[in-house]
Amino acid sequence: MTFLSPYRPQILSLFRIMSGLLILQHGTSKILGFPTSQMSGVSIASLGGIAGVIELIFGVLLVIGLFSRLSAFILSGLMAVAYFIAHMPQGFFPMLNGGELA
């Protein structure tokens with residue numbers, strides 16, 4: 001796919017911005033209550049609240065491209081921990097524990 005080579009920086013920026021916005025919406029839902037979800041209005045002292053603060057801060061950093069490698073590393077660790085806390089207790093296989101959709 002060498003025909004996309006000249007557009008590599010723009011494509012990578014688009015992926016970075018979209019990934020940041022997807023994570024940012026989880027943080028705004030938990031902390032700011034928009035958009036409303038099951039996790040809206042959680043206490044900041046709870047695990048969901050701490051995750052929301054991390055998603056909010058590092059999601060913004062990822063969108064604007066500041067400390068993007070560090071932000072992506074921290075957010076990927078957060079998602080891994082969330083998967084193991086929420087889905088792994090129901091079984092090992094993602095098809096059976098509801099983790100495939102996550």
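The numbers here are math on the coordinates, done by the rules we state, and not lab data. Every value quoted in this text rests on a predicted model; they were computed, and no experiment measured them. Don't worry about glycine lacking a Cβ; one is built from the backbone with ideal geometry, like all the others, and counts go over all protein chains shown.
Some observations on this one:
- Gain on full stretching of the segment that runs from residue 92 to residue 3 - 0.36 nm per residue minus C-alpha separation: 27.9 nm
- With distances taken between every two different alpha-carbon atoms, the chain has a Kirkwood hydrodynamic radius of 14.9 Å.
- Projected label distance in nm at residue 66 and residue 25, using a 7 Å step from Cα toward the beta-carbon: 2.4 nm
- Its relative contact order, with pairs defined as Cα atoms under 8 Å and 6+ residues apart, puts the chain at 20 percent.
- The listed peptides 77-89, 45-57, 20-32, 3-15, ordered by packing as a protection proxy, come out as 20-32, 45-57, 77-89, 3-15 (highest mean of other Cβ atoms within 10 Å first).
- Using a Förster distance of 25 Å, the FRET efficiency for residue 14-residue 53 (Cβ separation, nearest 0.05): 0.40
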